[in-house]
Amino acid sequence: MSEKLPARQIEISWPDLGITVTADLDDRNPALAAALWDSLPYRSLQGHALIAGEHLYHVAPIPTLLHTPHATRIPDRREAPDGTVFCSGLQHLGIKYGTLTEPMPATPVGRIRAADMPALLEAGAAIWDAVYSTKKQILAEVRRAGEPGGHRIPMLHAANTAASHLIADIYAETEKIWLAPPAELDDLHQGIIPSRAGNFGTVLPTLLFVNGETRPLGYAAYGGLVRAAVQDMPMDSLVRMTRLLVGVPAEFLGYCGLEKLWAFTQRFLEVLDRLDRDDFYAVTSQMALYINCLGGWNLQLYPWETGDHLRQQGAGVKEGV
């Protein structure tokens, strides 16, 4: 029988809303809970699920979430109690606050206290409105209960000089955009597209393609490469998979306006053959955090209300979600 962990509590606060809730971490996934606990405090742009239901999530600045093994997995998160807190291999901290529609497995690390559920519901409604309609940028702060808040982005380290300089530049850019929208994405959403990507002066198709390419590049390509490195995939295979997975989407995103991402990718590909496993892990982890941050801003800035006239038909459709 495993030894029970001491009780640990975290506070999740949305200062813009004047709302704070407390969660008790548990021992269902001790390694994930420890990764979260050890990373605190931090701040992040708060997001809301767009197709899965009443679920909050944000990108957590915790590189190890990409590969930390789980001990317990809920086969269908729809069945988890409201208030369940999850840590995800997509580098997210998530909170279920109501009805979900997506039958996705999930790894719980704790639960919001029952007394705070009304406040969580209030936060959920306000955050949905911000992401979908008003575009108000709401920040979340996660901290150990009773301790001061704060913010930090981790920087990994590499022995290879070129890789080390690349990591430092990725880190600096990630820190710059973590709590403020990237200028490149801001420009795109204002219709400023130097390459003229977007037929006949249109903007929405370009925004859609940028969103659709950025998410899998961070979640699947770089997240997958990090996991493969940790799981001892041979280095020659890692190098080949990297060249297959990251160059084409990054070049396309550079054409659409994400020129820094394309520049970082080119530098990575230039040094790739000279990296050992530790340096490869460091670069891919730093890139994953940067790209997942871009993905979070894409979801915040995208004009979802453009399609508000399109509504699902049929019984059981809940208004506002």
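The values are calculated or read from the model by the stated rules, or taken from the named source; none is laboratory data. Since we're looking at a predicted model, the values are computed, not measured. Every residue, glycine among them, receives a Cβ derived from its backbone with ideal geometry; neighbour counts consider all protein chains shown. Protein only, heavy atoms only, side chains kept; ligands, DNA and RNA dropped before computing areas. Shrake-Rupley method; radii C 1.70, N 1.55, O 1.52, S 1.80 Å.
Worth pointing out:
- Scanning the range 43-71 for residues that are of a type in the set (D, E, K, R) and either in contact with a Cys (Cβ under 6 Å, 6 or more places away or on another chain) or under 16 Å from Ile10 (Cα atoms) (or both) returns a single hit, Arg43.
- Taken together, the criteria place Leu36 among residues that are aliphatic (A, V, I, L, M), out of contact with any helix residue (DSSP H, G or I) (no Cβ under 7 Å at 6 or more places or on another chain) and closer than 21 Å to Glu11 by Cβ.
- Scanning the range 154-163 for residues that are in a loop (DSSP other than H, G, I, E, B) and not hydrophobic (A, V, I, L, M, F, W, C) yields Pro154, His157, Asn160.
Table: residues versus (1) under 18 Å from the mean Cα position of the chain (by Cα); (2) within 18 Å of Ala33 (Cβ to Cβ).
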residue	(1), (2)
Gln91	yes, yes
Ile95	yes, yes
Thr99	no, no
Pro108	yes, yes
Ile112	no, yes
Ala115	no, no
Ala130	yes, no
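- Every residue from the range 190-219 that is under 22 Å from Cys293 (Cβ atoms), part of a helix (DSSP H, G or I) and not charged (D, E, K, R): Thr206, Leu207, Leu208, Phe209, Val210, Asn211, Gly212, Thr214, Pro216, Leu217, Gly218, Tyr219
- The one condition in (1) assigned to a helix (DSSP H, G or I); (2) at positive phi that Leu166 fails to fulfil: (2)
- Within the range 240-259, considering residues that are open to solvent by less than 20 Å² (accessible area, probe 1.4 Å) and hydrophobic (A, V, I, L, M, F, W, C), the one farthest from Asp186 (Cα to Cα): Val246
- For the range 197-219, filtered to residues that are in contact with a helix residue (DSSP H, G or I) (Cβ under 8 Å, 6 or more places away or on another chain) and free of Cβ contacts under 8 Å to residues at least 40 places away in the same chain, the residue that is most open to solvent (accessible area, probe 1.4 Å) is Asn199.
- The condition (being surrounded by 15 or more Cβ atoms within 10 Å (Cβ to Cβ) and assigned to a loop (DSSP other than H, G, I, E, B)) is satisfied by just one residue among Gly149, Gly94, Gly110: Gly149.
- Some residue of the range 220-233 being out of contact with any Gly (no Cβ under 9 Å at 6 or more places or on another chain), closer than 30 Å to Leu204 by Cα, outside any helix (DSSP H, G or I) and not basic (Lys, Arg): no
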